[in-house]
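Beneath this line is the structure, given in structure tokens, with notes to follow.
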Amino acid sequence: MFCSGASVAAAVDGADDDAVQPNGVDLTLDAVFEQTSPGYVGRDGKSVGERSEVEPHGGEPPIYRLEPGDYVVRYGERLAVPEDSVGFVLPRSTLLRNTCSLDTAVWDAGYEGRGEGLLQVGRAIEIERGARIGQFVLADADSEGTYDGSYQGEN
Ligand SMILES: O=c1ccn([C@H]2C[C@H](O)[C@@H](COP(=O)(O)OP(=O)(O)OP(=O)(O)O)O2)c(=O)[nH]1
């Protein structure tokens, strides 16, 4: 079963009260990166390529003016996935309605950190730093151990 927004909020550090939704908690955009060198995915190992941080166009709060392309984004909130849960992030529908999306993976039981996602920009868009871009939801789960990979405690 999926958890209530209030339960999800207990797993999210730094979320405003108005970020709490009926079934999850909104996550905000903190930083945007462009990958500049290849990554590596092997049978045993992996590495993330070099990246450069995209500077906001200006404004207060700062506004990112993003041309079509793929960007790595860091969320503004620190998450701690409970050991009896699994997490998912879904894009805010306004991104989809603007020909953009957020691509995300599984958030493992026991993971803690400020995670990252793939922002796909199909048509140019402006996004403020701190704007809501996705929603974090949690489902009850039987877990086979907890996450202890290299992204534990990131950011
Ligand atoms: O969209 C996502 C999905 C997950 N995570 C975090 C939480 C998750 O627990 C961790 C590792 O994700 P995953 O297990 O998919 O990564 P991996 O490439 O398999 O790395 P590892 O070998 O460390 O498991 O990254 C994100 O930051 N963004």
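Overview of results
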item	result
Rounded to whole Hz, the Karplus (6.51, -1.76, 1.60) HN-Hα couplings of the stretch 60-77, x for glycine and proline	9, x, x, 10, 8, 9, 10, 7, x, x, 10, 10, 8, 10, 10, 7, x, 10
Nitroxide proxy distance, nm - points 7 Å out along Cα→Cβ at residue 94 and residue 4	2.7 nm
Potential extension, residue 144-residue 34 segment - 0.36 nm per residue separation minus Cα distance	36.2 nm
³J(HN,Hα) computed for each position of the stretch 114-130 - Karplus, 6.51 cos²θ - 1.76 cosθ + 1.60, integer Hz, glycine/proline x	9, x, 10, x, 9, 8, 9, 10, x, 10, 3, 8, 10, 9, 6, 4, x
For the stretch 145-150, Karplus couplings with θ = phi - 60° (6.51, -1.76, 1.60), whole Hz, Gly/Pro x	x, 10, 5, 9, x, 6
Gyration tensor (alpha-carbon) shape descriptor, the chain, a/c threshold 1.5	oblate
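The numbers here are math on the coordinates, done by the rules we state, and not lab data. In this text the structure is predicted, and so the values were computed from the model without any measurement. With ideal geometry, Cβ positions are generated from the backbone for all residues, glycine too; neighbour counts draw on all protein chains shown.
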